[in-house]
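**Q** Here it is: the structure, laid out below.
The values are calculated or read from the model by the stated rules, or taken from the named source; none is laboratory data. In this text the structure is predicted, and so the values were computed from the model without any measurement. We place every Cβ from the backbone using ideal geometry, glycine too, and count neighbours over all the protein chains shown.
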Amino acid sequence: MSSGPLQFVTALEMQVEPSNWGPHEWLSRPGLTEARELLLVRVRMPPGRAHQFHRHPAMEEIIYVLSGTAEQWVGQECRTLGAGDTAHIPRDVVHGTYNAGAEPLVFLAILSPADAPGPPLVDVHREEPWRSLKPPLVFSE
């Protein structure tokens, strides 16, 4: 294992962070790799969980479903995504990813740029019109 940024990231070297909607397995981000324009994270979202409505003010995102079923919102449009499906979320557009199945939802999230200024994420799921489209979920840990 290297002491500086990596060119290759193994399963042992990825950085895992807990989240109330599923562990984040970071495969590329500043400090882990030298990528300046891309972030790559794999999320394993348990049934009944969601990354509720939010936006990335200075980043665009692609979500690629590896397995499971996602209820994917981009703005006020909703689609059901399965393995092999993708969603593109333009910069600063509200979106949400909900596990719509009985199995874990596993997806990759690719965001750019990696070093965007300002807050990386703004949560809006308690605001209108989002709370009326999908009532906020409460997770107990």
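**Q** If only one of 112, 132, 67, 140 is farther than 30 Å from residue 10 by Cα, at pLDDT 95 or above and of a type in the set (Gly, Ala, Ser), which one is it?
**A** Of the residues listed, the single one that is farther than 30 Å from residue 10 by Cα, at pLDDT 95 or above and of a type in the set (Gly, Ala, Ser) is 132.
**Q** So, one more: State which residue pairs qualify: first residue more than 29 Å from residue 10 (Cα to Cα) and inside segment 40-57, second residue aromatic (Phe, Trp, Tyr) and at pLDDT 95 or above in any location, beta carbons under 6 Å apart, and separation of 6 or more residues or different chains.
**A** Here the result reads 53/130, each pair linking segment 40-57 to a residue that is aromatic (Phe, Trp, Tyr) and at pLDDT 95 or above.
**Q** Still on this structure, please answer the following. For the subset of segment 83-141 comprising residues that are among the polar types (S, T, N, Q) and in contact (Cβ under 8 Å) with a residue 24 or more places away in the chain, which member is nearest to residue 59 (Cα to Cα)?
**A** Only one residue tops the list, namely 112.
**Q** Residues of segment 111-141 being touching a Phe, Trp or Tyr at 6+ places or on another chain (Cβ under 7 Å) and aliphatic (A, V, I, L, M), which ones?
**A** Scanning segment 111-141 gives a single hit, 124.
**Q** Filter segment 58-81 for residues that are in a strand (DSSP E or B), polar (S, T, N, Q) and in contact (Cβ under 8 Å) with a residue 24 or more places away in the chain and give the result.
**A** Residues satisfying the conditions are 67, 72.
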